[in-house]
Amino acid sequence: METQRHPGSPAAGPVAVAPPDVVTEPAPVDVAVTQPAAVDVMVTQPAAVDVVVIGAGQAGLAAAATLRRRGLTAADELVVLDADNGPGGAWQHRWPSLRLGTAHRIFPLPGRPLPVADPELPAAEVVAAYFGDYERELGLPVLRPVRVDAVARGEDDRLVVRAGGRAWAARAVVSATGTWRSPFVPHVPGIETFAGRQMHTVDYRSADELAGLRVLVVGGGASAVQLLAEVAPVATTTWVTRRPPVWLPEGTLGEDAGRAAVAGVERRVREGLPPQSVVSTTGLVMTPAVRAARDAGQLQRLPMPARFTPDGVTWADGSHAAVDVVLWCTGFRPSVQHLAPLGLRTRAGGIRLDGTRAVDEPRLHLVGYGPSASTIGANRAGQAAAREVLRDLARTPVPAARPA
Ligand SMILES: Cc1cc2nc3c(=O)[nH]c(=O)nc-3n(C[C@H](O)[C@H](O)[C@H](O)COP(=O)(O)OP(=O)(O)OC[C@H]3O[C@@H](n4cnc5c(N)ncnc54)[C@H](O)[C@@H]3O)c2cc1C
């Protein structure tokens, strides 16, 4: 996996953030939207299939289940390619102390209720088992681990999906690759001199490993406050954010506010702007654990430091804090590197969508992207994309001579 860093950011200190596909700020403009060239995919004899779904998280499974239920049951009709070793999408990687009862809200996959489970169980375990059962019960044709490297325009009006030495020629592609593999780390001057340890949310396993240390938690989102609430009781924490955090007035996001936030992100995506997280447009949820941390005085936020030094951070007013570990809770970017050959990225750094359909490549749908990056959004988007794909397939006759 890659971590995306600020373009000016040198490699990290001795213990580098070296998890997934690391992203940096701002999103790189890889190819202009207009007139992308057809790419020589250097693959002979891709397997012909009607639809390739890339990713078997909530969004990919919702799409695949709808396609399967509506009749795509043959091997040359549907395939799901997933980069992970097992089922569960990003949930399988979440830290063990994220319990079923402390996750915000996990919506069930279409047509199958979540199992009744002890809320104290790790969400990673319960969701991975549930997704696995779903795949088996619905007979979803998931191949893993298969990491898609590239989607490009091929012959016969097909998109060629390439993964290592394997390739599929698809009439439609649903890309449902989430964000977990693209953790984002912003650039802060002097970070290359910092001698301590750096971790991103994706590396966090438990507060125990940080016990007794001086930990700088960076970020104003939900993961930052959740991890602070866990780490602050056992470590000396300093919390820094770019902007003062905004707490939701009633502690949780109401339906109207939720709809308005999603509509705002939808607008951005339609215009080809990089999607924002919903929290950045609404506010932070006050869970009981977070409230307890706040009442204990553990959520005292400071502005971002001006720079890192070998032993910590310094603010503009000259004050300094010694730091052993930096915990970057600075979010993610969409994992869409495999779509680069299609040249869809706008100059602003987003991909223009109309609903789930890529405006500049109508055979491609993106689900779990932008406004649908939540379990409920992923469900809706996955099903909507599948319905549109089915309509398109019905409209487009299959060429007589199909690739082998
Ligand atoms: C820490 C954290 C907590 C969250 N908690 C909640 C919550 O409580 N409730 C909620 O609604 N939402 C929550 N979210 C948002 C959450 O990410 C979404 O709700 C949803 O689970 C994402 O589903 P997805 O299918 O889009 O992506 P993922 O679950 O990330 O699945 C993507 C899949 O695509 C695969 N993949 C990626 N790249 C490739 C590739 N190139 N080739 C092949 N396969 C690939 C991956 O292996 C993975 O299986 C949380 C997010 C984070 C980061």
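The values are calculated or read from the model by the stated rules, or taken from the named source; none is laboratory data. Just so you know, these numbers come straight off a predicted model, no measurement behind them. Glycine gets a Cβ as well: all are built from the backbone with ideal geometry, and neighbour counts include every protein chain shown.
Would you be able to tell me the number of residues in segment 44-58 that are more than 9 Å from the ligand (Cβ to nearest atom) and assigned to a loop (DSSP other than H, G, I, E, B)?
Counting residues in segment 44-58 that are more than 9 Å from the ligand (Cβ to nearest atom) and assigned to a loop (DSSP other than H, G, I, E, B) gives 3.
Looking only at segment 189-201, decide whether some residue is within 11 Å of the ligand (Cβ to nearest atom) and either modelled with pLDDT of 95 or more or assigned to a loop (DSSP other than H, G, I, E, B) (or both).
Scanning segment 189-201 turns up at least one residue that is within 11 Å of the ligand (Cβ to nearest atom) and either modelled with pLDDT of 95 or more or assigned to a loop (DSSP other than H, G, I, E, B) (or both).
Being small (Gly, Ala, Ser) and either under 18 Å from the mean Cα position of the chain (by Cα) or within 20 Å of residue 90 (Cα to Cα) (or both) is the filter; apply it to segment 316-354 and report the residue that is surrounded by the most Cβ atoms within 10 Å (Cβ to Cβ).
Checked segment 316-354; the qualifying residue surrounded by the most Cβ atoms within 10 Å (Cβ to Cβ) is 335.
Rundown of residues vs (1) within 13 Å of the ligand (Cβ to nearest atom); (2) in contact with an Asp or Glu (Cβ under 8 Å, 6 or more places away or on another chain); (3) modelled with pLDDT of 90 or more; (4) in the same structural domain as residue 174 (by TED's automatic domain parsing), yes/no style:
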{"residue": "31", "(1), (2), (3), (4)": "no, no, no, no"}
{"residue": "36", "(1), (2), (3), (4)": "no, yes, no, no"}
{"residue": "60", "(1), (2), (3), (4)": "yes, yes, yes, yes"}
{"residue": "101", "(1), (2), (3), (4)": "yes, yes, no, yes"}
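Of the conditions (1) within 16 Å of the ligand (Cβ to nearest atom); (2) free of Cβ contacts under 8 Å to residues at least 60 places away in the same chain, residue 331 fails just one. Which one is it?
All conditions are met except number (2).
What number goes with the only condition from (1) part of a strand (DSSP E or B); (2) under 27 Å from residue 77 (Cβ atoms); (3) aliphatic (A, V, I, L, M) that residue 389 does not pass?
Single failed check for residue 389: (1).
Can you name every residue in segment 202-231 that is under 24 Å from residue 179 (Cα atoms) and part of a loop (DSSP other than H, G, I, E, B)?
Within segment 202-231, 204, 205, 206, 219, 220, 221 meet the criteria.
Against the conditions (1) within 16 Å of the ligand (Cβ to nearest atom); (2) in contact (Cβ under 8 Å) with a residue 60 or more places away in the chain; (3) touching a strand residue (DSSP E or B) at 6+ places or on another chain (Cβ under 9 Å), where does residue 374 fall short? Just the number, please.
If we test residue 374 against (1) within 16 Å of the ligand (Cβ to nearest atom); (2) in contact (Cβ under 8 Å) with a residue 60 or more places away in the chain; (3) touching a strand residue (DSSP E or B) at 6+ places or on another chain (Cβ under 9 Å), just (3) comes out false.
Pairs please, first residue from segment 288-303 and farther than 26 Å from residue 319 by Cβ, second anywhere and in a loop (DSSP other than H, G, I, E, B) and at pLDDT below 90, Cβ atoms under 7 Å, 6+ apart in sequence or on different chains.
289/102
Within segment 271-283, can one find any residue that is at pLDDT below 95 and over 21 Å from the mean Cα position of the chain (by Cα)?
no
Suppose we filter 156, 118 for residues that are free of Cβ contacts under 8 Å to residues at least 24 places away in the same chain and away from the ligand (no atom under 11 Å from the Cβ); which single one remains?
118
Would you be able to say whether some residue in segment 364-376 is more than 15 Å from the chain's Cα centre (by Cα) and surrounded by fewer than 19 Cβ atoms within 10 Å (Cβ to Cβ)?
Checking segment 364-376: not a single residue is more than 15 Å from the chain's Cα centre (by Cα) and surrounded by fewer than 19 Cβ atoms within 10 Å (Cβ to Cβ).
Please find, within segment 71-98, the residue that is farthest from the ligand (Cβ to nearest atom) out of those that are crowded, with 19+ Cβ neighbours inside 10 Å and not in a loop (DSSP other than H, G, I, E, B).
Result: 78.
If we scan segment 162-171, do we find a residue that is within 13 Å of the ligand (Cβ to nearest atom), touching a residue at least 40 places away in the same chain (Cβ under 8 Å), assigned to a loop (DSSP other than H, G, I, E, B) and in the same structural domain as residue 66 (by TED's automatic domain parsing)?
No, segment 162-171 contains no residue that is within 13 Å of the ligand (Cβ to nearest atom), touching a residue at least 40 places away in the same chain (Cβ under 8 Å), assigned to a loop (DSSP other than H, G, I, E, B) and in the same structural domain as residue 66 (by TED's automatic domain parsing).
Looking at segment 350-358, can you tell me whether even one residue there is within 13 Å of the ligand (Cβ to nearest atom) and farther than 14 Å from residue 272 by Cα?
No, segment 350-358 contains no residue that is within 13 Å of the ligand (Cβ to nearest atom) and farther than 14 Å from residue 272 by Cα.
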